[in-house]
Amino acid sequence: MEQQGGRTTTKRVQVRRRLEELIDTGLKPGDAIPSERALVISLGVSRVTVRQAIADLVEVGRLERVHGKGTYVTGPQVDSQLHLTSFSREMRERGLHPETKVLAASQEAADAEVAEKLNVPVGRPVVRVERLRLADGTPMAHEVGFYPSALFPGLLEQQLDTLYDVFANKYGFVVSSGYQTVRSEAADAVHAHILQIPRKAPLLVQERVTKSGDTVMEFATSWYRADRYRIHMRITPSGAANGA
């Protein structure tokens, strides 16, 4: 231990500070930190001390462990207020660079769930769009959306990374309202692969139905990385107005 300003600084704290300096000056989000063995040799401390310091930084969100691969500098953290806006606009408002990769797009017949959400008959043609959402290069969400083909003829020929802009500019449908549900889920093999996270990692799953006026235009499900996304809601007592 060493003395700083009359206080004793443990080796664990010293290692943590050295790692924070490395993160701040020599690494960027997504970069791996040196191995535990390399840190033990370079810093002259025990492996237990290194592990404790890394655990501290994982707990506060500066590092993340990827099973079987190593420990990496974390990417962006996003706080959402659950307002109705596009992913790209929300990321830009937080100073992040948004990117959308279209993974698949096709026309198919609406099954019972999709038909109910979109208020169309079962079997009616709908466009299915699957996308990966990124912020500053970090995978944030895997999204699958369904859109009535009758509302958006030729949609598959359009630029599908900015759908709300396409709906407004090409088809005249501007998002005006919607409702959304949120649940938790463990990542299966598919989502783990797409989002680059371990299997069974926690996800926030948002199901959204979006309208333009009285017309339902979208049913979408988004699987967000829980380590990258936090939801904030403003709440008021339901009985506040009547004194209950």
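The values are calculated or read from the model by the stated rules, or taken from the named source; none is laboratory data. Keep in mind that this is a model prediction, so the values were computed, not measured. We place every Cβ from the backbone using ideal geometry, glycine too, and count neighbours over all the protein chains shown. Quick note on the areas: whole protein, heavy atoms, side chains included, nothing else; ligands and nucleic acids left out. Shrake-Rupley method; radii C 1.70, N 1.55, O 1.52, S 1.80 Å.
Of note:
- Only one of the numbered conditions (1) over 30 Å from Thr71 (Cβ atoms); (2) touching a helix residue (DSSP H, G or I) at 6+ places or on another chain (Cβ under 6 Å); (3) among the aromatic types (Phe, Trp, Tyr) is not met by Trp223, and that is (1).
- Here the strands (runs of 3 or more DSSP E) wholly within the stretch 64-145 that include at least 3 residues being more than 20 Å from Arg199 (Cα to Cα) and modelled with pLDDT of 80 or more are 98-109, 125-135.
- Residues that are within 23 Å of the chain's Cα centre (by Cα) and hydrophobic (A, V, I, L, M, F, W, C), drawn from the stretch 40-68: Ala55, Leu57, Val58, Val60, Leu63, Val66
- Residue that is nearest to His67 (Cα to Cα), among those in the stretch 172-204 that are open to solvent by less than 70 Å² (accessible area, probe 1.4 Å), assigned to a loop (DSSP other than H, G, I, E, B) and not small (Gly, Ala, Ser): Pro198
Residue-by-condition table, conditions (1) under 25 Å from Val66 (Cα atoms); (2) in contact with a strand residue (DSSP E or B) (Cβ under 6 Å, 6 or more places away or on another chain):
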residue: Leu103; (1), (2): yes, yes
residue: Pro121; (1), (2): no, no
residue: Thr138; (1), (2): yes, no
residue: Leu155; (1), (2): no, yes
residue: Asp165; (1), (2): no, no
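- Qualifying residue in the stretch 148-163 (condition: open to solvent by 10 Å² or more (accessible area, probe 1.4 Å), in contact with a Phe, Trp or Tyr (Cβ under 6 Å, 6 or more places away or on another chain), free of Cβ contacts under 8 Å to residues at least 40 places away in the same chain and not hydrophobic (A, V, I, L, M, F, W, C)): no
- Residues (outside any helix (DSSP H, G or I) and within 18 Å of Val58 (Cα to Cα)) located in the stretch 27-45: Leu27, Lys28, Pro29, Gly30, Asp31, Ala32, Ile33, Pro34, Ser35
- Failed condition for Gly137, given (1) touching a Leu at 6+ places or on another chain (Cβ under 9 Å); (2) within 30 Å of Thr74 (Cβ to Cβ): (1)
- Residue within the stretch 218-226 that is modelled with pLDDT under 85 and assigned to a loop (DSSP other than H, G, I, E, B) present: yes
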